[in-house]
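The values are calculated or read from the model by the stated rules, or taken from the named source; none is laboratory data. Since we're looking at a predicted model, the values are computed, not measured. Methodologically, a virtual Cβ is constructed for each residue, glycine included, from the backbone with ideal geometry; neighbour enumeration extends over all protein chains shown. Note: areas computed on protein heavy atoms with side chains; ligands, DNA, RNA excluded. Shrake-Rupley method; radii C 1.70, N 1.55, O 1.52, S 1.80 Å.
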Amino acid sequence: MNVIKEWVAENIFLGLEVREYLRRLITPSNIVAASILIIGIPLIILRYMKGLNAVIHGSNDQPFSLFLGWGLFCGVPLAATGYIMASAVYLFGLKDYKPLLRPAVLTGFVGYFFAVMFLLVDLGRPWRLPYPMIRSFGPASILFLVAWHVALYLTVQFLEFSPAIFEWINTRKLRKWAEGITIGATIFGVILSTLHQSALGALFLLAPTKLHPLWYTPYIPVFFFISSMYAGLSMIIIESTLVYKFLPNRVDPQNHKIIDGLTLGLGKAASFVMITYFFLKIIGIAHDDHWDLLLTRPYGYQFLIEIFGFVLLPCFMYVFGVRTGDAKLVRIAAFTSVAGVILNRLTISMFGLNWELPHREFFAPKEIIVVLTIITIEVLIYRWVVNRLPVHQTHPKFAGEEE
Amino acid sequence: MSIDRRNFLKLLGFGTVALGLQPTRAIASIDDSKIKRPDSYGVLCDVTRCVGCRSCEEACNTVNSLPAPEKPFDDYSVFEEKRRPTSKAFTVVNRYETSKGTIFRKVQCNHCLEPACATACLVHAYQKMPEGSVVWDEKVCIGCRYCMHACPFYAPAFEYESPVPRIRKCTLCYNRIHEGKLPGCVEACPMEALIFGKRSDLIKIAHERIRKNPDRYLEHIYGELEAGGTSWLYLSAVPFNEVGLNTTVGTYPMAEYTRGFLSSVPLVLVLWPALLGSFYAFTKRNEEVKKQGNEKHRKEAHSQEKGEN
């Protein structure tokens with residue numbers, strides 16, 4: 001009993017007295033977070049009592065809400081961090097990047113977990129979420145593939161992150177087992193990611209008359225997959241930037257010295273992917289012969305802003321940042337790239353859909369509050385884990401042991 | 001823990017193979033006869049005969065026991081805006097100002113021969129019945145609304161205001177057909193703008209009308225080929241896009257557009273493990289060589305030291 005009590009005091013309350021722990025929770029950022037939750041959580045409860053229309057502008061023409069547009073279509077590519085870093089370190093042998101591996105896997109796992117949370121808010125009957133797995137199968141549906149892959153990949157990412165959990169609860173035996181499956185899990189993870197990242201794009205292939213032709217192309221699955229790669233690379237840069245700045249004590253001291261170098265390396269990789277993506281987007285326009293649409297208002301201009309301002313520009317920022325050794329520029333490039341991926345996914349899942357219909361309403365203010373609420377919970381949980389588990393630092397008891 | 005590493009990898013292998021077994025042939029068969037279903041029923045809607053009386057809307061409301069509408073069925077101010085089917089009205093009549101004057105057209109689910117909604121559904125809640133109806137099963141629907149996104153005709157509607165929402169749409173009065181009755185709207189139409197019958201017969205009737213009255217009709221039956229063919233067919237005097245029908249929908253069933261992607265899935269499942277596995281083998285070999293080289297180097301240095309002594 002005492003052992004458990006000690007462990008809880010040390011690992012949950014960070015070695016502080018409970019009263020002292022609670023007192024320290026009162027910080028400006030926590031007050032902001034709490035006030036978002038106080039408004040948002042009742043709205044989520046209301047949604048389950050009164051139906052989706054209590055929080056969104058439910059539209060029969062435009063059935064995808066911001067919960068899907070943001071939570072699934074942006075959430076999944078931004079959580080591509082796990083497969084990128086795991087394949088870099090384990091399959092391609094880039095061991096220098098190991099300090100960023102666990103953060104990347106955790107970002108991926110939490111990202112997918114919350115994509116599912118957003119789904120639970122969005123689905124008409126969320127308690128039936130496991131139906132495609134256990135009850136009734138629609139294998140001709142791309143969404144069936146997405147459902148299976150996201151469920152399997154969530155499990156794989158949990159296994160990939162589990163060594164950190166086993167270190168935290170201090171069980172050598174389980175940790176050893178988890179290490180044994182690393183390579184298999186990594187390869188399976190890359191397969192699943194390739195397929196469901198692209199399948200999220202393929203979902204739109206089914207409705208060729210609805211998505212604006214500048215975005216509707218047979219290449220859309222390839223575009224989604226490739227952009228998920230640089231989204232993942234950029235998100236690793238963003239995650240480390242935020243944690244190294246706001247939770248510096250949770251990072252191994254020697255990592256603070258090498259992080260700029262690692263950031264430059266990630267930036268270089270991202271620049272290669274992005275220039276490829278840029279030219280593929282141009283090929284997409286040429287393939288469908290849509291040059292004439294580029295100068296139409298508003299979609300043509302929006303497309304040009306997207307590929308020049310949010311793909312080519314950050315790509316060049318990456319290149320120059322790496323050339324001049326300017327990690328700060330690389331970090332700005334990472335934020336810009338991620339903004340570009342978000343713009344792309346929201347255009348495809350919301351703004352560019354049903355573009356010919358005369359009346360469209362996008363999202364209600366309450367819908368945005370609910371999204372902010374769930375993002376807040378996501379950030380709080382991420383911070384809670386980083387503050388306790390060996391994510392950005394090696395566990396003293398397991399230091400030097402090969403994973 | 002009873003699962004060791006070898007079994008875990010085996011499990012992964014089987015899982016991978018199972019994932020590759022998604023059928024692509026099922027969604028667009030080479031053998032058309034199963035899909036075209038010559039014996040299935042349909043409705044021919046002669047747009048030139050519709051007077052916009054809204055009797056069909058009222059009948060639909062009655063036979064489906066739908067809630068009373070906001071404006072009564074003899075209130076024609078509803079024509080001031082373009083309406084679409086909703087969860088409370090499975091069919092609506094719209095008024096269009098066209099190149100040949102004011103024309104009315106009834107809007108509802110077109111009951112595709114190879115429905116996009118059914119292809120979209122991940123729990124197989126939709127079914128194209130042999131009678132022609134596309135029906136939806138409340139027992140398995142999870143409420144993801146991908147069917148609504150997929151439908152090129154904007155037919156399915158969702159009960160956004162309910163905590164236990166359903167998808168709602170026209171069923172071509174599936175139950176009434178089984179009782180030997182006409183669909184509610186067809187029975188109510190005073191102008192005989194709607195005729196119910198076997199789809200193959202309806203196509204013959206439509207061609208006959210076009211042949212007899214070439215000045216009255218466009219030489220095209222909307223729905224004969226659109227989106228792979230629909231059970232609901234239309235005749236019109238004006239181009240179909242002038243009466244709100246999508247003329248960019250093409251003649252392929254929507255499922256055709258996802259076939260290429262689904263066929264590439266097994267390729268990835270087979271090629272990726274081989275490719276990634278070999279990258280891993282290279283990496284591992286490199287590391288071993290490096291390690292051995294280091295040891296050799298150390299030994300040599302050691303023996304040299306000894307020799308010097």
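When you look at B:Arg176, is it under 30 Å from B:Gly52 (Cβ atoms) and touching a Ser or Thr at 6+ places or on another chain (Cβ under 6 Å), yes or no? Judged against the criteria, B:Arg176 is not a match. Scanning the range A:57-80 turns up one or more residues that are among the small types (Gly, Ala, Ser), more than 30 Å from A:Ser234 (Cα to Cα) and in a loop (DSSP other than H, G, I, E, B).
With the requirement that a residue be open to solvent by 10 Å² or more (accessible area, probe 1.4 Å) and within 12 Å of chain B (Cβ to nearest Cβ), what does the range A:69-98 give you? The answer is A:Leu72, A:Tyr83, A:Ser87, A:Ala88, A:Tyr90, A:Phe92, A:Gly93, A:Leu94, A:Lys95. When restricted to residues that are open to solvent by 10 Å² or more (accessible area, probe 1.4 Å) and assigned to a loop (DSSP other than H, G, I, E, B), the range B:94-114 contains 4. Remark: pairs (first residue in the range A:50-63, more than 7 Å from every other protein chain (Cβ to nearest Cβ); second residue open to solvent by 20 Å² or more (accessible area, probe 1.4 Å) and of a type outside the set (Phe, Trp, Tyr); Cβ separation under 6 Å; 6+ apart in sequence or on different chains) = A:Ala54/A:Leu46; A:Val55/A:Leu43; A:Val55/A:Lys366; A:His57/A:Glu361; A:Gln62/A:Arg360.
Residues that are open to solvent by 40 Å² or more (accessible area, probe 1.4 Å) and closer than 26 Å to A:Ala88 by Cβ number at least 1 in the following helices (runs of 4 or more DSSP H) confined to the range A:231-341: A:253-288, A:313-324. Take A:Thr209 and tell me if it is closer than 17 Å to B:Met254 by Cα and without any contact (Cβ under 8 Å) to a residue 60 or more places away in the chain. In short, yes.
Whenever a residue of the range A:143-157 is at the interface with chain B (Cβ under 7 Å from one of its Cβ atoms) and in contact (Cβ under 8 Å) with a residue 24 or more places away in the chain, its partners that are aliphatic (A, V, I, L, M) and not in a helix (DSSP H, G or I), lying with C-beta atoms within less than 7 angstrom and at least six residues away or across chains, give the pairs A:Leu143/B:Leu122. Candidates in the range A:99-142 are the residues that are at the interface with another protein chain (Cβ under 7 Å from one of its Cβ atoms) and among the hydrophobic types (A, V, I, L, M, F, W, C); of these, the one that is nearest to A:Gly71 (Cα to Cα) is A:Leu123. Taking the range A:131-199 and the helices (runs of 4 or more DSSP H) fully enclosed by it, the elements with 2 or more residues that are open to solvent by less than 20 Å² (accessible area, probe 1.4 Å) and of a type in the set (Phe, Trp, Tyr) are at A:142-168. List every residue pair whose Cβ atoms sit under 7 Å apart, with the two residues 6 or more apart in sequence or on different chains, where the first one lies in the range B:127-156 and is more than 8 Å from chain A (Cβ to nearest Cβ) and the second, anywhere, is among the aromatic types (Phe, Trp, Tyr) and not in a strand (DSSP E or B). If the second residue must be among the aromatic types (Phe, Trp, Tyr) and not in a strand (DSSP E or B), the pairs left are B:Met129/B:Tyr174; B:Glu131/B:Tyr174; B:Ser133/B:Tyr174; B:Val135/B:Tyr174. Of all positions in the range A:313-321, none carries a residue that is of a type outside the set (Ser, Thr, Tyr), touching a strand residue (DSSP E or B) at 6+ places or on another chain (Cβ under 9 Å) and either more than 14 Å from every other protein chain (Cβ to nearest Cβ) or within 16 Å of A:Trp215 (Cβ to Cβ) (or both).
The residues of the range B:193-227 that are more than 17 Å from B:Pro38 (Cα to Cα) and assigned to a loop (DSSP other than H, G, I, E, B), listed by number, are B:Ala193, B:Asn213, B:Pro214, B:Asp215, B:Arg216, B:Tyr217, B:Leu218, B:Glu219, B:His220. Within the range B:241-255, can one find any residue that is over 15 Å from B:Pro115 (Cβ atoms) and among the hydrophobic types (A, V, I, L, M, F, W, C)? Yes, the range B:241-255 contains at least one residue that is over 15 Å from B:Pro115 (Cβ atoms) and among the hydrophobic types (A, V, I, L, M, F, W, C). On the basis of being open to solvent by 10 Å² or more (accessible area, probe 1.4 Å), within 30 Å of B:Thr251 (Cβ to Cβ) and not polar (S, T, N, Q), does A:Tyr216 make the cut? So A:Tyr216 passes the test.
Of all residues in the range B:115-132, those that are small (Gly, Ala, Ser), open to solvent by less than 10 Å² (accessible area, probe 1.4 Å) and on the phi < 0 side of the Ramachandran plot total 3. Scanning the range A:351-392 for residues that are touching a Ser or Thr at 6+ places or on another chain (Cβ under 8 Å) and open to solvent by 50 Å² or more (accessible area, probe 1.4 Å) returns A:Arg360, A:Glu361, A:Phe363.
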